[in-house]
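Peer 1: Can you read through this structure? Questions will come right after.
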Amino acid sequence: MNVFFADEQMDPVDSSDLVPLADLVMRAEGLPEESEVAIVFIDRDEIAAYNEQYLGKAGPTDVLSFPIEDGSPGEPPRRDPEGPPVNIGDVFIAPSVVRDNAARSAVAFEDELALMVVHGLLHLLGWDHEDDDEAVRMEARERELLGSVGKVRP
């Protein structure tokens with residue numbers, strides 16, 4: 001798996017566990033070995049601008065996912081043997097918003113940040129939480145994936 005990670009915000013965050021976590025999620029979801037994804041940390045203002053521009057929602061959010069390939073839960077995109085590697089898309093995370101959410105929920109920042117990585121990747125792969133059944137299913141998958149690395153879904 002090819003996980004591109006960039007921290008483009010001013011508050012440095014230890015991300016050493018996040019690339020292996022992304023790799024684990026991609027493998028667990030059955031993506032081809034050559035698959036690619038980008039995970040980018042950005043600041044509160046930038047994610048607020050993306051949230052408004054692309055989702056029509058005002059204010060900052062914790063994570064935004066922009067898929068490139070079409071997938072659905074249990075049916076990840078497949079690589080065309082003659083084509084380039086599968087690039088599932090980009091995940092943008094605002095650590096300052098994640099930190100606020102963790103404090104409000106009384107959970108460890110690292111657990112909340114790991115959840116955002118898993119949550120963002122699952123969105124790229126077609127998982128959603130628009131209705132209650134989808135939300136229950138997605139949250140269960142998040143728990144399972146986080147549990148496999150010793151994290152708890154807050």
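None of the figures in this text is laboratory data; all of them are computed from the coordinates on show. Please read all numbers here as calculations on a predicted model, not as lab measurements. No Cβ is skipped: glycine too gets one built from the backbone with ideal geometry, and neighbour counts run over all protein chains shown.
Peer 1: Report the residue count in region 43-66 for those that are in a strand (DSSP E or B), surrounded by 18 or more Cβ atoms within 10 Å (Cβ to Cβ) and not aliphatic (A, V, I, L, M). Break it down into steps so the answer makes sense when it comes.
Peer 2: Here is the first cut: in region 43-66, the ones in a strand (DSSP E or B) are 63-66.
Right, trim to surrounded by 18 or more Cβ atoms within 10 Å (Cβ to Cβ) and you get 63-65.
Right, trim to not aliphatic (A, V, I, L, M) and you get 65.
Within region 43-66, residues that are in a strand (DSSP E or B), surrounded by 18 or more Cβ atoms within 10 Å (Cβ to Cβ) and not aliphatic (A, V, I, L, M) number 1.
Peer 1: Restricting the first residue to region 43-66 and requiring it to be under 15 Å from residue 7 (Cα atoms), which pairs with a second residue that is surrounded by fewer than 16 Cβ atoms within 10 Å (Cβ to Cβ) and of a type in the set (A, V, I, L, M, F, W, C) meet a Cβ separation below 7 Å and a spacing of at least six or different chains?
Peer 2: 43/10
Peer 1: Moving on. Restricting attention to region 1-20, report how many residues are in a loop (DSSP other than H, G, I, E, B), touching an Asp or Glu at 6+ places or on another chain (Cβ under 6 Å) and of a type outside the set (A, V, I, L, M). Quick ask: steps written out before the conclusion?
Peer 2: Step one: list which residues in region 1-20 are in a loop (DSSP other than H, G, I, E, B), which gives 1, 8-17.
This time we only want the ones that are touching an Asp or Glu at 6+ places or on another chain (Cβ under 6 Å), so: 1, 9.
With of a type outside the set (A, V, I, L, M) added as a condition, the list becomes 9.
The number of residues fulfilling the criteria is 1.
Peer 1: Could I ask something else about it? What are the residue pairs meeting all of these: first residue in region 95-106, first residue part of a helix (DSSP H, G or I), second residue of a type in the set (Lys, Arg), Cβ atoms under 7 Å, and 6 or more apart or on different chains?
Peer 2: The qualifying pairs are 96/44; 97/44.
Peer 1: With the requirement that a residue be surrounded by 17 or more Cβ atoms within 10 Å (Cβ to Cβ), outside any strand (DSSP E or B) and not aliphatic (A, V, I, L, M), what does region 33-42 give you?
Peer 2: 35
Peer 1: Of the conditions (1) under 23 Å from residue 59 (Cβ atoms); (2) assigned to a helix (DSSP H, G or I); (3) hydrophobic (A, V, I, L, M, F, W, C), residue 92 clears all except one; give me its number.
Peer 2: Result: residue 92 passes all but (2).
Peer 1: Within region 117-137, how many residues are in a helix (DSSP H, G or I) and under 28 Å from residue 14 (Cα atoms)? So that I can check it myself, show each step before the final result.
Peer 2: Taking region 117-137 as the starting set, the residues that turn out to be in a helix (DSSP H, G or I) are 117-124, 132-137.
With under 28 Å from residue 14 (Cα atoms) added as a condition, the list becomes 117-124.
Result for region 117-137: 8.
Peer 1: Sort out which residues of region 84-110 are among the basic types (Lys, Arg) and either out of contact with any helix residue (DSSP H, G or I) (no Cβ under 6 Å at 6 or more places or on another chain) or buried (at least 19 other Cβ atoms within 10 Å of the Cβ) (or both), and write them in order of number. Steps first, please.
Peer 2: Keep residues of region 84-110 that are among the basic types (Lys, Arg), which gives 99, 104.
Hit for region 84-110 is 104, nothing else.
Each row is one residue, and each column tells you yes or no for (1) out of contact with any strand residue (DSSP E or B) (no Cβ under 8 Å at 6 or more places or on another chain); (2) within 14 Å of residue 28 (Cα to Cα).
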position: 81; (1), (2): yes, no
position: 96; (1), (2): yes, no
position: 113; (1), (2): no, no
position: 131; (1), (2): yes, no
position: 134; (1), (2): yes, no
position: 137; (1), (2): yes, no
position: 144; (1), (2): yes, yes
